[in-house]
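Working notes for the structure below.
The values are calculated or read from the model by the stated rules, or taken from the named source; none is laboratory data. All values derive from a computational prediction rather than experimental measurement. Here Cβ is always computed from backbone atoms with ideal geometry, including for glycine, and neighbour counts include all displayed protein chains.
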Amino acid sequence: MIDLLAQSNPHTRFTILRPRACLAPHDKVFIPRLAQMMHHYGSVLLPRGGDALVDMTYFDNAIHAMWLASQSECDQLPSGRAYNITNGEPRSLRSIVQKLIDELNIHWPDPLGALTRCWILLPAAWERLGTRLPKSLR
């Protein structure tokens, strides 16, 4: 669609800016939703176990990109191009959520913590008893 607009309007430059996950003071989207989920459910299910990378864009950087795109130097760029705007600092979603937990001083019980420790210790306990862990549990 943008290609058609660019071709039919050769004297107009079309530039698409795509900021990723904008973050600003008093943000009411990403961080507040995460905080609300953590308070309501006591935890958050993270895609790919929290290993998913997120590159947040601070609002000043998105505004700067808009300003740059409006400058006459950009008139030489091809019309109809799209540009992803990020801070260039990808972080794991787990680290972002952990930072939020730390900043908000959120504490909740870890019911899976004990279960996980038991599961890790189970093979050693079976071996100590002189028995091998059943294949279905390995």
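Data for the structure
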item	result
Only listed residue being loosely packed, with under 12 Cβ neighbours inside 10 Å and either in contact (Cβ under 8 Å) with a residue 24 or more places away in the chain or not hydroxyl-bearing (Ser, Thr, Tyr) (or both), chosen from Leu34, Leu4, Leu17	Leu4
Residue, nearest to the chain's Cα centre (by Cα), within the range 37-50, restricted to residues that are in a loop (DSSP other than H, G, I, E, B) and surrounded by 10 or more Cβ atoms within 10 Å (Cβ to Cβ)	Leu46
Residue list for the range 6-25, restricted to those being closer than 19 Å to Tyr83 by Cα and either outside the structural domain of Asn84 (by TED's automatic domain parsing) or part of a loop (DSSP other than H, G, I, E, B) (or both)	Thr12, Arg13, Phe14, Arg20, Ala21
Criterion violated by Gln71 - all others in (1) more than 14 Å from the chain's Cα centre (by Cα); (2) surrounded by 16 or more Cβ atoms within 10 Å (Cβ to Cβ) satisfied	(2)
Matching option when the condition is surrounded by fewer than 12 Cβ atoms within 10 Å (Cβ to Cβ), at negative phi, touching a residue at least 24 places away in the same chain (Cβ under 8 Å) and hydroxyl-bearing (Ser, Thr, Tyr), among Thr57, Thr12, Thr86	Thr12
